[in-house]
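Trainee: I'd like to ask you about the structure that follows.
The values are calculated or read from the model by the stated rules, or taken from the named source; none is laboratory data. All values reported here derive from a predicted model rather than from experimental measurement. Reconstructed Cβ throughout: ideal geometry from the backbone, glycine too, with neighbour counts over all protein chains shown. Side chains are part of the model used for accessible areas, which takes the heavy atoms of the whole protein and leaves out ligands, DNA and RNA. Shrake-Rupley method; radii C 1.70, N 1.55, O 1.52, S 1.80 Å.
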Amino acid sequence: MSLMRSVLLAGAESVWLRERAMRWPFVRRSVSRFMPGETADEALAACRRQQEQHGTGAILTHLGENLSSLAEADAVTAGYLALIDRIAKEELDAQVSVKLTQLGLDLGVDACDRNLQQLVARAESRSNIVWIDMESTKYVDPTIELFRRARARSPRVGMCLQSYLRRSAADLEALLPLGPAIRLVKGAYREPPGLVLPSKAEVDENYFRLAVRMLHPDAPKGTFVGIGTHDRRLVGRLRAEVAARGSDRSSYEFEMLYGIQRPLQAQLVAEREPLRVLVSYGEFWFPWYMRRLAERPANVLFVMKNLLAG
Ligand code: FDA
């Protein structure tokens, strides 16, 4: 891991920095590049623009993690229930993606399960789907366990796997018999070196292998892969695989973050590939924002430009 990435990911976990940086105007200016606004109204308006002007679907996520009371987790759940209703009412092509720590995972697996259950049931009644984000490694086992429980109740739930983790290939094999919806990403957290693949080349290659496994025509019925990456090379290789294997076009979609790789997003839409853009909102954006900076050192230059402009 590069020094810059380590420093930024350590910064993502710093409460001291968070409490200060969230008030700095130049930070607030640069975050707007990745986030259309803090409120659900602003996020829904961005979904509509994505749909009507850019021809993509959307995924909505309310930023926040590691809550300290079940009342907070219940409030987050109520917010997502209302959001799923609004998506249906406003006829938006949008789904939601949740972090289990926001639904109370640190406070008890069963309480979190109850909240997740409510969201999946509501999504089911609205013909929608709930995605579960993958957080740092200590949450991987409980996240998979809760995904399994939810999947046993309804197919309208998907979960993220991270290609930087050595264990993900085995996790995918164990989940495949379910015919699961999996969003594949590279992984965005600071992890102990022994648990992650050592080089970016290996993470990328693992990504390719895992995605191909899900795109294979022999993958169990219902298997769906959300190809969550902005990596132009991987996108090109996977498109070639899809074409060569004749994969069913309803078995995958590309997924990217709002504001990142817009030219590639436009190219995919123009070439009639399915694409969803993940739109984040909420007041607790600092750790998420630091992870976006860590993904690309050039983003730090962008922040510096905003500092000088201010
Ligand atoms: P990579 O980092 O190799 O970047 C490839 C290229 O994309 C870069 O060269 C650059 O051009 C561009 N790019 C990438 N990130 C950028 C940025 N921040 N700003 C500007 N340009 C950028 N992670 C996780 O651990 N758990 C999760 O649940 C999720 N969920 C999730 C959903 C969706 C829809 C996406 C797209 C991503 C996630 N992630 C995630 C984040 C993911 O793990 C990863 O950190 C980022 O997607 C960056 O990795 P890439 O695959 O884009 O490749």
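Trainee: Please go through (1) touching a Cys at 6+ places or on another chain (Cβ under 8 Å); (2) without any contact (Cβ under 8 Å) to a residue 12 or more places away in the chain for Ala94 and return the number of the only condition it doesn't satisfy.
Mentor: (2)
Trainee: Please pick out the residue among Ala150, Ala174 that is more than 16 Å from Pro220 (Cβ to Cβ) and either of a type outside the set (Asp, Glu) or in contact with a helix residue (DSSP H, G or I) (Cβ under 8 Å, 6 or more places away or on another chain) (or both).
Mentor: Ala150
Trainee: So which of Tyr164, Tyr189 is over 28 Å from Ser127 (Cα atoms), within 14 Å of the ligand (Cβ to nearest atom), in contact (Cβ under 8 Å) with a residue 60 or more places away in the chain and open to solvent by 10 Å² or more (accessible area, probe 1.4 Å)? Give the derivation first.
Mentor: On the way: Tyr164 fails: in contact (Cβ under 8 Å) with a residue 60 or more places away in the chain.
Matching residue, one of Tyr164, Tyr189: Tyr189.
Conditions (1) closer than 25 Å to Glu135 by Cβ; (2) not small (Gly, Ala, Ser), marked per residue:
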site	(1), (2)
Gly194	yes, no
Arg213	yes, yes
Thr229	yes, yes
Val242	no, yes
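Trainee: Looking at Pro217 and the list (1) over 29 Å from Arg114 (Cβ atoms); (2) within 15 Å of the ligand (Cβ to nearest atom); (3) not in a helix (DSSP H, G or I), which single condition is not satisfied?
Mentor: Unmet condition: (2).
Trainee: Against the conditions (1) within 15 Å of the ligand (Cβ to nearest atom); (2) more than 14 Å from the chain's Cα centre (by Cα); (3) modelled with pLDDT of 80 or more, where does Gly246 fall short? Just the number, please.
Mentor: (1)
Trainee: Separate question: Ala111 versus (1) aliphatic (A, V, I, L, M); (2) under 18 Å from the mean Cα position of the chain (by Cα); (3) open to solvent by less than 20 Å² (accessible area, probe 1.4 Å): which is the lone unmet condition?
Mentor: (2)
Trainee: While we're here: List the pairs whose first member sits in region 247-261 and is more than 15 Å from Cys160 (Cβ to Cβ) and of a type in the set (Lys, Arg), whose second member is open to solvent by 30 Å² or more (accessible area, probe 1.4 Å) and more than 6 Å from the ligand (Cβ to nearest atom), and whose Cβ atoms are under 8 Å apart, counting only residues at least 6 apart or on separate chains?
Mentor: Correct list of pairs: Arg249/Pro274.
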